[in-house]
There are 2 protein chains.
Amino acid sequence: MARGSKKKRPNLRDVSRAADVSVATVSRVLNTPQVVNKDTRARVEAVIEELGFVRSAAAFAINSGRTRLLGALIPTLESDIFSLTISSIEQTLVDHGFSLIVATTDDDPEKEARKAKELVDVGVEGFIVTGLEHSDALHDLLRRTQVPTVAISYFDETYHLPTVGYDNRMAARAACQHLKDLGHKRIAVIHGALTGNDRNVARVEATRAALSAEQCWFFEGAISVAGGVDALRRAVADHGPFDAIFCMSDVMAFGVLHELHRMGVSVPGDVSVVSIHNLPASEFTYPPLTTVNLPARQMGRCAAECLARWVEDDIRPTPICLDTHLVVRSSTQAVPKRTG
Amino acid sequence: MARGSKKKRPNLRDVSRAADVSVATVSRVLNTPQVVNKDTRARVEAVIEELGFVRSAAAFAINSGRTRLLGALIPTLESDIFSLTISSIEQTLVDHGFSLIVATTDDDPEKEARKAKELVDVGVEGFIVTGLEHSDALHDLLRRTQVPTVAISYFDETYHLPTVGYDNRMAARAACQHLKDLGHKRIAVIHGALTGNDRNVARVEATRAALSAEQCWFFEGAISVAGGVDALRRAVADHGPFDAIFCMSDVMAFGVLHELHRMGVSVPGDVSVVSIHNLPASEFTYPPLTTVNLPARQMGRCAAECLARWVEDDIRPTPICLDTHLVVRSSTQAVPKRTG
DNA sequence: TATGGCTATGTAACTGGTTACATGGCCAAT
DNA sequence: ATTGGCCATGTAACCAGTTACATAGCCATA
């Protein structure tokens with residue numbers, strides 16, 4: 001503890017003094033070493049090493065105007081859905097020399113705006129936000145600061161920010177069409193919360209449009225395995241047997257499969273289960289899950305790529321719509337024949 | 001708007017000029033508004049609003065020496081194991097006014113050191129690292145920069161950094177003891193890669209110590225559902241039927257359960273399955289998984305708490321060992337009687 | 001010998017904030 | 001009328017870097 005607090009980190013001038021050169025030369029060694037004489041450079045580098053000099057990020061940023069920091073605002077990390085995306089965002093961004101700050105919002109627009117403000121204060125040069133629905137405060141902040149921002153998980157070319165995502169309506173429609181093709185007539189639709197989550201809203205709307213009102217019943221639950229279990233129980237209790245379950249999210253489908261199994265209901269014999277996401281684990285449920293693939297990793301990569309280019313080269317990205325497609329596995333099958 | 005394209009972001013002096021006050025007054029409005037005359041303050045605030053002034057994070061940092069940035073170095077985000085922890089780290093840190101930069105390392109010490117260097121360059125005030133095994137370059141960096149760092153996922157009070165974690169050996173031992181108590185004699189141990197992952201090494205070592213060499217066979221695979229499937233297939237093919245499977249990770253156990261099911265092997269009737277982690281989904285596998293609970297969220301919270309206090313108040317944390325305990329569900333049962 | 005070009009380096013002015021210290025106005029108590 | 005204190009504000013130094021511009025030394029050419 002003797003000089004623990006007293007030990008000020010050495011700065012450029014300390015180095016220049018110790019190496020008997022000017023601050024400009026030290027700065028050159030750091031930024032454009034080619035232009036410095038070999039011997040001088042070696043001497044300066046030795047002093048830097050000896051003193052343990054580390055250039056101040058803040059001072060660098062103040063001059064260059066660059067922090068190399070980007071921020072991602074996502075609903076949650078406690079779900080493969082977003083952690084896959086964030087993971088590939090992070091991996092892509094480091095290739096462009098950026099660091100990623102993650103902030104979770106719990107689908108709460110106010111919280112999102114607060115965190116966005118903090119990130120701006122910290123100096124992020126760009127944002128990735130989730131979905132299209134945001135508070136006025138956030139839109140205001142983005143307008144004022146002009147921070148490049150791309151929205152993910154939802155494709156909409158008319159949106160005021162560039163979007164990199166998929167067509168949530170089309171994804172839901174594909175699942176519905178699959179169930180219709182198989183002849184299903186009593187369908188429980190299990191979805192996550194609709195407030196603050198425009199992806200879910202879009203999927204539910206598309207489902208309402210695709211299926212006739214007499215064919216489907218909607219149940220809301222938490223987007224988690226437990227949420228799926230709970231929603232299914234309510235569904236079965238309230239509206240008797242179904243011949244198909246459509247989950248808006250694979251994690252909920254995991255819970256649904258588990259609970260059906262526990263109830264002794266056979267999948268797909270007694271009931272078909274279809275879902276949206278296609279998580280890595282969905283191939284290995286029992287039975288393997290029929291689900292609409294959402295390209296989470298690809299979306300992360302694209303969004304990161306776009307944002308990096310925007311921040312770096314000032315090229316505003318054009319919206320990108322990624323492909324979604326139904327992956328048919330073994331959790332769905334045709335209704336054999338109307339047995340009443 | 002004389003020069004529309006040269007839209008430089010307004011700075012303190014721009015504001016002070018427009019509000020006809022000194023820069024000091026504007027700064028006071030920002031930092032200690034109480035000491036500024038009400039009218040003056042209102043005028044300055046109006047100008048700030050009008051010009052859309054946002055204080056430069058870099059300039060603030062250069063003076064205060066505070067970036068309010070912390071970094072987390074974790075193996076991967078593509079797994080609930082770490083995303084749960086990171087999630088609670090993030091949530092805890094925002095309460096302390098910090099932002100979190102995440103960097104994934106793929107259990108590669110070199111990559112970890114590189115990313116750590118980048119984070120220091122960016123100006124993080126503290127680190128969370130995973131495990132105890134790191135490259136010399138990282139240790140060197142931490143020593144030179146004196147950046148507060150806590151290590152998670154592995155409790156060791158003798159380590160040179162404060163650790164917040166659990167006793168990986170004890171966790172493995174608990175699972176082994178459970179299998180022994182149930183009378184299991186042919187145990188397949190399925191674990192993730194050992195290079196660069198000291199948690200896995202500790203678990204495997206403890207397992208070797210707890211079980212006699214004639215009772216267990218070790219198989220390595222990727223820490224994923226698919227990795228579990230693959231490892232189990234190799235295990236069964238190479239060393240014939242087992243009466244128990246011990247997975248070092250729940251996600252691998254998910255794959256194991258799936259594959260056993262597909263093979264027509266009954267769990268726990270034909271074979272017991274025990275694991276380590278207790279992920280949220282583990283309660284809902286079929287059958288529900290017996291597993292050693294690792295307190296991922298609690299660990300995240302504790303580590304974040306400790307690090308925040310260290311950075312904030314210069315209180316070096318004391319190592320914390322979190323409790324692990326076996327959660328017995330339905331994937332294990334006693335060997336009924338030696339039937340040969 | 002004078003000129004020009006090149007390389008390596010130094011000087012000092014910047015970046016955008018914070019803050020110690022100085023100043024000036026006003027009012028109350030001597 | 002003088003002094004003292006408080007409040008609000010301004011001036012300028014400072015943080016730790018970058019960089020435009022100046023300069024000095026050296027060598028080749030005319």
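The values are calculated or read from the model by the stated rules, or taken from the named source; none is laboratory data. The model shown is predicted, which means the values in this text are computed figures rather than measured ones. A quick note on method: Cβ atoms are made from the backbone with ideal geometry, for glycine too, and the neighbour counts reach across all protein chains shown.
Just the residues that are of a type in the set (D, E, K, R), farther than 28 Å from A:Ser135 by Cα and surrounded by 16 or more Cβ atoms within 10 Å (Cβ to Cβ), please, taken from the stretch A:183-221. Before the answer, list the steps.
Applying the first criterion (of a type in the set (D, E, K, R)) to the stretch A:183-221 yields A:185-186, A:198-199, A:203, A:205, A:208, A:214, A:220.
Applying the additional criterion that residues be farther than 28 Å from A:Ser135 by Cα yields A:185-186, A:214.
If the condition is that a residue be of a type in the set (D, E, K, R), farther than 28 Å from A:Ser135 by Cα and surrounded by 16 or more Cβ atoms within 10 Å (Cβ to Cβ), then A:Lys185, A:Arg186 are the ones that fit.
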Please tell me if B:Ile315 is in contact with a Lys or Arg (Cβ under 9 Å, 6 or more places away or on another chain), within 14 Å of chain A (Cβ to nearest Cβ) and not in a helix (DSSP H, G or I). yes
Any idea which residue in the stretch B:21-64 is modelled with the lowest pLDDT, counting only those that are away from DNA strand D (no atom under 12 Å from the Cβ) and β-branched (Val, Ile, Thr)? B:Val54
Residue satisfying all of: in the stretch B:24-34; surrounded by 14 or more Cβ atoms within 10 Å (Cβ to Cβ) and away from chain A (no Cβ under 14 Å); nearest to DNA strand C (Cβ to nearest atom) among these: B:Ser27
Output for the stretch A:209-255, where each listed residue is in a strand (DSSP E or B) and out of contact with any Asp or Glu (no Cβ under 9 Å at 6 or more places or on another chain): A:Cys216, A:Phe218, A:Glu220, A:Ala244, A:Ile245, A:Phe246, A:Cys247
For the stretch A:285-312, how many residues are polar (S, T, N, Q), away from chain B (no Cβ under 14 Å) and buried (at least 21 other Cβ atoms within 10 Å of the Cβ)? 2
Any residue in the stretch A:50-57 that is within 14 Å of DNA strand C (Cβ to nearest atom), farther than 30 Å from A:Ser224 by Cα and small (Gly, Ala, Ser)? yes
Considering only helices (runs of 4 or more DSSP H) wholly within the stretch A:35-124, the ones with at least 1 residues that are more than 8 Å from chain B (Cβ to nearest Cβ) and in contact (Cβ under 8 Å) with a residue 24 or more places away in the chain are A:38-51, A:80-95, A:109-122
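Would you check if A:Ile62 is near DNA strand C (Cβ under 10 Å from one of its atoms), within 36 Å of the chain's Cα centre (by Cα) and under 24 Å from B:Ile101 (Cβ atoms)?
Spelling it out, A:Ile62 is indeed near DNA strand C (Cβ under 10 Å from one of its atoms), within 36 Å of the chain's Cα centre (by Cα) and under 24 Å from B:Ile101 (Cβ atoms).
Would you mind stating whether A:Thr92 is over 12 Å from the mean Cα position of the chain (by Cα) and of a type in the set (Ser, Thr, Tyr)?
yes
Can you say whether B:Asn11 is within 9 Å of DNA strand D (Cβ to nearest atom), modelled with pLDDT under 95 and of a type outside the set (A, V, I, L, M), as far as the supplied structure shows?
Numbers: within 9 Å of DNA strand D (Cβ to nearest atom): no; modelled with pLDDT under 95: yes; of a type outside the set (A, V, I, L, M): yes.
When the stated conditions are applied, B:Asn11 does not pass them.
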Within the group A:Ser249, A:Ser282, A:Ser266, which residue is in contact with a strand residue (DSSP E or B) (Cβ under 7 Å, 6 or more places away or on another chain), closer than 11 Å to A:Ser331 by Cα and either at pLDDT below 95 or polar (S, T, N, Q) (or both)? A:Ser282
Scan the stretch A:69-103 residue by residue and report those that are among the acidic types (Asp, Glu) and in contact with a strand residue (DSSP E or B) (Cβ under 6 Å, 6 or more places away or on another chain). A:Glu90
Here's a check for you: in the stretch B:10-23, which residue that is assigned to a helix (DSSP H, G or I) and within 12 Å of DNA strand C (Cβ to nearest atom) is nearest to A:Gly65 (Cα to Cα)? B:Leu12
Residue selected from the stretch A:262-284 under the condition among the aliphatic types (A, V, I, L, M) and within 13 Å of chain B (Cβ to nearest Cβ), by the criterion surrounded by the most Cβ atoms within 10 Å (Cβ to Cβ): A:Leu279
